[in-house]
Amino acid sequence: RAAAEGRRWMTYDPAELEDAEWKMSLLARLDQAVERDEIWVAYQPKIEMASGRIIGAEALARWSHPEKGEVPPSQFIPAAERSGRIENLTAHILDSAVGATASIHRAGHTDFSIAVNLSARLLDSPALLAMVSSTLARHKLAPHHLILEITETTAMASQDGIVETLEALSASGVRLSIDDYGTGFSTLDYLKRIPADEIKIDRSFVSMLEKSQSDRIMVHSTIQLAHSLGRKTVAEGVENGVVLNELRLMQCDYVQGYYTGKPMKLPALMEQLPQRESE
Ligand code: C2E
Ligand code: CA
Ligand code: CA
Ligand code: CA
């Protein structure tokens, strides 16, 4: 194994080298980027199927790099995880997202919730609980307006330590969502053990609803299973009205996708929220 890895470095694949250099240069700037506010949060509306209303949003990290332009999260989140920077980065994103939600509440939308993605790495960090509760306290936001999204594979890997962390978060009033559902290997036992309020069905199944009978069955049975366990369901990656209608027939609770709203800056999101009637 070591020998094979050694050999890999001996062959000069220019593309690979470039990729490695690019990631190194990104990493070198990441701490600075947080300080200089180059990392910001885009908000993708989450729609309640029954009412068609925006009842919340998912916070998605964005990096406006002064030289490279917009760097997608897939390029810097994994690198931040590997280099021990994810805690700092998450603290920054959580602070922005919770702060934004507090301002949405002040504008009168007091049932708005925010979903923030949480890296697997953080679930065994003893500082996580304090980070979450101090951020909520700083912005005076009630914990049930925060949803933490954890990927199915993370939750799966759950040793007791991780289940304990999730239970402590849940006990603090924060809500939990199982992200990318269907891409891992969940068992019923695991679904019962994780104190999740919500199951978020992965885009790969949702986007295939129209064409693939097996994906339709997968989505429908996930919704039924979730409901039978008292959990809500979210479908991600809804890109057209046909899929939206299918999900409505399946009684999916919430939807997210380019069709109902792309990730956007906070002011654009606030414009989409219904104007309050004047008192
Ligand atoms: P995710 O949590 O599964 O987020 C959904 C991704 O799907 C987002 O990509 C979103 O822009 C995209 N998306 C939403 N609707 C549609 C649609 O209708 N069609 C298509 N094709 N795509 C859609 P994005 O923003 O590039 O984020 C990618 C991943 O990066 C996220 O996947 C999440 O795993 C991770 N990520 C983003 N922000 C954070 C963060 O603050 N912390 C952590 N740990 N991970 C993050
Ligand atoms: Ca997510
Ligand atoms: Ca997802
Ligand atoms: Ca996904």
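So, SER204, is that one more than 16 Å from ligand 2 (Cβ to nearest atom), of a type in the set (Gly, Ala, Ser) and open to solvent by 10 Å² or more (accessible area, probe 1.4 Å) or not? Lay out the reasoning, then the answer.
Values: more than 16 Å from ligand 2 (Cβ to nearest atom): no; of a type in the set (Gly, Ala, Ser): yes; open to solvent by 10 Å² or more (accessible area, probe 1.4 Å): yes.
Considered against the rule, which asks whether it is more than 16 Å from ligand 2 (Cβ to nearest atom), of a type in the set (Gly, Ala, Ser) and open to solvent by 10 Å² or more (accessible area, probe 1.4 Å), SER204 comes out as no.
Of the residues contained in the stretch 126-139, one or more are found to be more than 19 Å from ARG193 (Cβ to Cβ), open to solvent by less than 40 Å² (accessible area, probe 1.4 Å), touching a strand residue (DSSP E or B) at 6+ places or on another chain (Cβ under 8 Å) and among the aliphatic types (A, V, I, L, M). Being away from ligand 2 (no atom under 14 Å from the Cβ) and assigned to a loop (DSSP other than H, G, I, E, B) is the requirement here; does LYS192 meet it? When the stated conditions are applied, LYS192 does not pass them.
Of all residues assigned to the stretch 47-57, at least one qualifies as being open to solvent by 10 Å² or more (accessible area, probe 1.4 Å), in contact with a helix residue (DSSP H, G or I) (Cβ under 8 Å, 6 or more places away or on another chain) and under 30 Å from LEU249 (Cβ atoms). Residues that are at pLDDT below 95 and in a loop (DSSP other than H, G, I, E, B) were ranked within the stretch 44-91; the one that is nearest to ligand 2 (Cβ to nearest atom) is PRO72.
Mind checking whether some residue in the stretch 218-235 is within 16 Å of ligand 4 (Cβ to nearest atom), open to solvent by 30 Å² or more (accessible area, probe 1.4 Å) and within 21 Å of ALA120 (Cα to Cα)? Within the stretch 218-235, none of the residues are within 16 Å of ligand 4 (Cβ to nearest atom), open to solvent by 30 Å² or more (accessible area, probe 1.4 Å) and within 21 Å of ALA120 (Cα to Cα). Among the candidates SER119, SER103, single out the residue that is over 30 Å from ASN240 (Cβ atoms), open to solvent by less than 20 Å² (accessible area, probe 1.4 Å) and either out of contact with any helix residue (DSSP H, G or I) (no Cβ under 7 Å at 6 or more places or on another chain) or of a type in the set (Ser, Thr, Tyr) (or both). Within the list SER119, SER103, the selection yields SER119.
Applying a threshold of 7 Å to beta carbon distances and a minimum spacing of six or more residues, or different chains, the list of pairs starting in the stretch 66-89 at a residue that is farther than 16 Å from GLU38 by Cα and ending at one that is in a loop (DSSP other than H, G, I, E, B) reads GLU81/SER119; GLU87/SER125; GLU87/ALA127.
The values are calculated or read from the model by the stated rules, or taken from the named source; none is laboratory data. Everything quoted here is computed from the prediction, not taken from an experiment. Every residue, glycine as well, gets a Cβ built from its backbone with ideal geometry; the counts of neighbours run over all protein chains shown. Heads up: the accessible areas ignore ligands, DNA and RNA and are worked out on the full protein's heavy atoms, side chains in. Shrake-Rupley method; radii C 1.70, N 1.55, O 1.52, S 1.80 Å.
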